[in-house]
Amino acid sequence: GLHERGLKFIAICPKDKEETIRRYKARGSSEAFIENLTKNFESFRNDILNSPADMVICTDRYVVDVMSYFANC
């Protein structure tokens, strides 16, 4: 929807499946959510990688850390 409205955006995707799952478990996400993420991680990640974003960043840093970096540029 952002692209169709002419809005620029940056997409951030996780680099490592196991690290991402570990973080969601540590946050207390439901087993159903964890199972869905485990099963569909590559598909979700590919959707981000193939998005019409102006920039795609794949990292295992937290989103807040990535945003802080850009805020300090």
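In whole percent, how big is the carbon plus sulfur part of the accessible area of the chain, probe 1.4 Å, protein atoms only? With neighbouring chains kept in place, the figure for the chain is 53 percent.
Converting phi to 3J(HN,Hα) with the Karplus coefficients 6.51, -1.76 and 1.60 and the offset θ = phi - 60°, the range 9-20 yields 8, 10, 9, 10, 10, x, 8, 10, 4, 5, 5, 4 Hz in sequence order, with x at every glycine or proline. When +1 charges are put on Lys and Arg Cβ atoms and -1 charges on Asp and Glu Cβ atoms, the dipole computed for the chain relative to its Cα centre reaches about 120 debye.
Stretched out straight at 0.36 nm per residue, the stretch from Arg23 to Thr38 would grow longer than its current Cα-Cα span by 4.2 nm. Within the listed set Glu42, Glu18, Glu31, the residue fluctuating most in the Gaussian network model of the chain (springs between alpha-carbon atoms under 10 angstrom) is Glu31.
Classify the range 1-53: rounded, prolate or oblate, from the alpha-carbon gyration tensor (a ≥ b ≥ c, eigenvalue square roots; a/c under 1.5 rounded; otherwise prolate if a/b is larger than b/c)? It comes out prolate by the Cα gyration axes. A simple spin-label model places the labels of Val66 and Ile12 0.6 nm from each other, with each point 7 Å out along Cα-to-Cβ.
Residues of the range 1-29 falling in the label zone of Asp54, defined by backbone nitrogen less than 16 Å from a point 7 Å along Cα to beta-carbon, are 1-12.
The values are calculated or read from the model by the stated rules, or taken from the named source; none is laboratory data. Note that the coordinates shown come from a computational prediction; the quantities given were computed from them, not determined experimentally. Every residue, glycine among them, receives a Cβ derived from its backbone with ideal geometry; neighbour counts consider all protein chains shown. Protein only, heavy atoms only, side chains kept; ligands, DNA and RNA dropped before computing areas. Shrake-Rupley method; radii C 1.70, N 1.55, O 1.52, S 1.80 Å.
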